[in-house]
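Worksheet for the structure shown next.
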Amino acid sequence: NAGVTQTPKFQVLKTGQSMTLQCAQDMNHNSMYWYRQDPGMGLRLIYYSASEGTTDKGEVPNGYNVSRLNKREFSLRLESAAPSQTSVYFCASSEGWNTEAFFGQGTRLTVV
Amino acid sequence: RKEVEQDPGPFNVPEGATVAFNCTYSNSASQSFFWYRQDCRKEPKLLMSVYSSGNEDGRFTAQLNRASQYISLLIRDSKLSDSATYLCVVNKYGNKLVFGAGTILRVKS
């Protein structure tokens, strides 16, 4: 039972490079989320998708774009990576707003 | 003011102790409340939902005080395996879950 799968698990980028973080869930959930976690800051919402075909900005969307490719997949793109984007990124999904969110294992991204 | 605030700790307690964490939230319209647990360098996992009437799951008890806008988590008979970061989570505007920064618990033998 895979749940939420994120790739890659680790990545080092040079400033200015681009990359896409992939996320897929197999629980038929409507809602999907991208968070970043920095020391002492907790998880901060970057973007979320309440349902297939919709996306909305979260607390810290600048420098990121997302695509809800279908109900299963929600990708996060960094067009021009900056050192401030060094963080741990988590994808999550949930059936709805009042139900448990399931997380992927995280992507540890370092931008040098 | 942060939307969800927690005491970062760490709370250092001996095995068998009872420990309580509080969390305050700023949006009075929030409707869903959760406690998540996060082990070092791992993904967060749901510990328990918090209902208006309060709820208990074994050694863990969660309470909600809407009037004062805070949520509490009580852990009785602490185990070494309870050492983790506990995240308070509140929903905002439907599907936006907002996380607190977490409270670190260290249980020592």
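The values are calculated or read from the model by the stated rules, or taken from the named source; none is laboratory data. All values reported here derive from a predicted model rather than from experimental measurement. Glycine gets a Cβ as well: all are built from the backbone with ideal geometry, and neighbour counts include every protein chain shown. The accessibility values were calculated without ligands, DNA or RNA, using every heavy atom of the protein model including side chains. Shrake-Rupley method; radii C 1.70, N 1.55, O 1.52, S 1.80 Å.
Evaluated at 10 °C with a viscosity of 1.306 mPa s, what Stokes-Einstein diffusion coefficient in µm²/s does the range B:2-50 have when Rh comes from the Kirkwood expression over alpha-carbon pairs?
This corresponds to a translational diffusion coefficient of 122 µm²/s.
Hey, what's the Cα Rg ratio for the range A:50-112 versus the globular rule of thumb, 2.2 N^0.38 Å?
Normalised by 2.2 N^0.38 Å, the Cα Rg of the range A:50-112 equals 1.21.
Under 17 Å from the Cα of B:K2, which lysines turn up, not counting those fewer than eight places away in the same chain?
B:K92, B:K96
Averaged over peptide B:28-41, how many Cβ atoms belonging to another chain are found within 10 Å of each residue's Cβ?
Per residue, the number of nearby Cβ atoms from other chains is 2 on average.
Where the only charges are on Cβ atoms (+1 Lys, Arg; -1 Asp, Glu), what is the dipole of chain B about its Cα centre, to the nearest 20 debye?
The calculated dipole for chain B is roughly 220 debye.
State the dimensionless ratio Rg/Rh of chain B (Rg: radius of gyration of Cα atoms; Rh: Kirkwood radius).
0.95
Could you tell me the accessible area of B:D39 in Å² (1.4 Å probe, neighbours in place), rounded to the nearest ten?
About 60 Å², ignoring ligands and nucleic acids.
How big is the equivalent ellipsoid of the range A:8-52 along its three axes, where each semi-axis is √(5λ) from the Cα gyration tensor, reported in whole Å from largest to smallest?
23, 16, 10
Arrange the residues B:F60, A:F10, A:F74 by how much accessible surface each exposes, largest first, with a 1.4 angstrom probe.
A:F10, B:F60, A:F74
Can you pull the accessible area of B:R37 for me, 1.4 Å probe, Å² to the nearest 10?
Accessible area of B:R37: about 50 Å².
Based on the Cα gyration tensor of the protein assembly as shown, what are the three equivalent ellipsoid semi-axes, each the root of five times an eigenvalue, rounded to whole Å and given largest first?
They are 30, 20, 16 Å, listed largest first.
Which whole number gives the average count of other chain Cβ atoms within 10 Å of the Cβ atoms across peptide B:16-25?
That average works out to 0.
Using only the Cα atoms of chain A, what do you get for the radius of gyration and for Dmax, in Å?
My reading of the Cα-based Rg and Dmax gives 13.1, 39 Å.
Which residues does the label zone of A:T7 cover in the range A:66-100, counting backbone N under 20 Å from a point 7 Å along Cα→Cβ?
Only A:66-79, A:89-93 fall inside the zone, counting backbone N under 20 Å.
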